[in-house]
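What follows is calculated from the coordinates using simple rules that are stated; it is not laboratory data. Everything numeric here is computed off the predicted structure, so don't read it as measured data. Glycine gets a Cβ as well: all are built from the backbone with ideal geometry, and neighbour counts include every protein chain shown.
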Amino acid sequence: MEKIIVVGAGLSGATIARKFADGGADVSVIDKRETVGGNVYDYVDKNGITVQSYGPHIFHTKDKQVFEFLSKYTEWVKYEHKVKAKISGKLVPVPFNLTSLFELYPKEAAERIKKVLIDEVGYGEKVSILKLKGHPSEEVRKFADFVYKNVFYKYTKKQWGLKPEDLGEQVMNRVPVYVSEEDRYFTDEYQYMPKDGFTSLVKNILAHPHITLKLGKDAIQNITFKDGKIYYKNKLFEGTMIYTGCVDELFSYKYGSLPYRSLTFVFKTKRRSSYQDAAVVNYTTNKRYTRISEFSKFTCNPQKNTVIVKEYPKPYYGGEAIPYYPIPLAKNYELYAKYEAEAKKYKNLYLLGRLANYKYMNMDIAVKNAIDLYEKILEED
Ligand code: FAD
Ligand code: UDP
């Protein structure tokens, strides 16, 4: 098999590198960071707490194949994520559920709304706020307006600089309203944290004699394109290149910059074993930050001190900011399509991952797409 170059040592890059290496190919994995794992990078700090440098990451999936693939490289700790939102001075479950309803409405009104929701939507249903807002029942719509105002509107404006309806179902469906007492953030079958952290998981995926890892190297410096061919370090590259970085950067922003949302993470160590009553508290009606995460609650491992992180959203203009969230608007997808078409001109170049595919994707989908792309490339050979 020919040589493989994988740009990016995040979950996407690591997964496809491992698949190629297991298949007998020699793989170079290059990352401009000094660490592996991309945005899932974590480390144990001086308090003995696993801190995630790029924000709260919780693994969850319905996909058995993905779970079994990752299980080869880590043991797991069972963890079911629960989130609360601070609304009217109370901490209530998010996704908004029947418990949240009873916390925030007078009992009689809550009973009435509960009945309407069960009759009109169905007990146990999960429904997006946008669907609820357009529901034929006036009572359901009134309730939806309350939830929209208290849970979604301000948080979404802070996070994206956009309204929920501008983002549409794809994003708003991530956090539906639950017509039940279900209080888990995710309802997927497999919900775990890697026992020794995500960095250790990714290191184990990359630990293969056929994988050479080069950290602290910006691959783009060495890539040039000419007449439908890729050159690496000025030599014609006829192997397979998998690219998991920003595609506009790869092609020197020739069609313009793809917009992203970025975040500033502000970490604090507190001299107490617990800071808040949930692993994550969302600030849905006030504050400049969107949420506070408390890391020891993810690993169910309290220490003498506790570490929290606040997330302040901001636009991404390159430079110091890190592109975290592709912005799912039609005009951005149109721009992305131009870069995708540009990439297709090079038959040995493949785009993969949250950045290169310009998709809001969870970890399990990143792994799944990497496995699928590997299989597709094998079929092409
Ligand atoms: P990345 O992790 O971004 O990796 C890309 C890598 O490519 C980076 O290491 C980068 O340095 C490298 N790179 C880029 N350009 C170059 C270059 N020119 N040269 C060399 N290297 C380069 N998912 C979940 O399932 N659960 C969660 O709870 C969750 N929480 C999240 C919270 C936040 C705040 C964010 C932003 C994302 C969250 N995600 C979560 C999504 C998860 O982070 C992604 O699905 C996953 O990290 C995608 O992996 P990736 O390899 O595609 O991208
Ligand atoms: N959201 C919201 N209020 C909340 C939680 C989520 O408005 O309390 C919206 C917001 O637009 C957010 C999206 O739902 O960006 C997806 O939330 P999720 O928690 O999945 O975001 P992530 O963890 O990927 O940042």
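For the reader, a short list of remarks on this structure follows.
- Proximity of backbone amide H atoms, modeled 1.01 Å from N, is registered between Thr264 and Tyr312, Lys314 at under 5 Å, excluding neighbours fewer than 5 places apart on the same chain.
- Student exercise, the chain dipole from Lys, Arg, Asp, Glu Cβ charges, in Debye to nearest 20: 1460 debye
- Folded to 0 to 90 degrees: helix 107-120 orientation relative to the chain principal axis, Cα: 50 degrees
- A Förster distance of 45 Å, applied to the separation of the beta-carbon atoms of His208 and Glu340, puts the FRET efficiency at 0.90.
- Where both bridge residues fall in the chain, DSSP classifies roughly 65% of the beta bridges as antiparallel.
- With R₀ set to 30 Å, the beta-carbon distance separating Glu181 from Tyr317 gives a calculated FRET efficiency near 0.10.
- Report summary: the helix-based calculation at 222 nm, which adds -39500 (n - 2.57) for every DSSP H run with n ≥ 4 and divides by the residues of the chain, gives -9000 deg cm²/dmol.
- Selection among Thr269, Phe298, Ile223 by position relative to the dipole of the chain gives Thr269 as farthest towards the positive end (Cβ unit charges, Cα centre).
- The HN-Hα couplings worked out from phi for the range 147-152 by the Karplus form 6.51 cos²θ - 1.76 cosθ + 1.60 (θ = phi - 60°) are 5, 4, 5, 8, 10, 9 Hz, whole numbers, x standing for Gly and Pro.
- Label-to-label distance, nm, for residues given as Asp277 and Ile118 (7 Å Cα→Cβ offset): 2.5 nm
- For the range 1-153, the dipole from Cβ point charges (+1 on Lys and Arg, -1 on Asp and Glu) about the Cα centre works out to 400 debye, to the nearest 20.
- Over 27 Å between alpha carbons, listed pairs Lys46/Lys72; Lys195/Lys268; Lys46/Lys203; Lys133/Lys310; Lys90/Lys331: Lys46/Lys72; Lys133/Lys310; Lys90/Lys331
- Antiparallel %, DSSP beta bridges [both residues in the range 1-143], to 5: 60 percent
- Dividing the Cα radius of gyration of the range 20-75 by 2.2 N^0.38 Å, with N the residue count, gives 1.43.
- Two-decimal log10 I(q)/I(0) for the chain, as the Debye equation yields it once each C-alpha is a single scatterer, q = 0.08, 0.12 Å⁻¹: -0.46, -0.99
- Counting only Cβ charges, +1 for Lys and Arg and -1 for Asp and Glu, the dipole size of the range 290-381 around its Cα centre is about 440 debye.
- Placing R0 at 51 angstrom, the Cβ-Cβ distance between Gln221 and Asn47 gives a FRET efficiency of 0.85 after rounding to 0.05.
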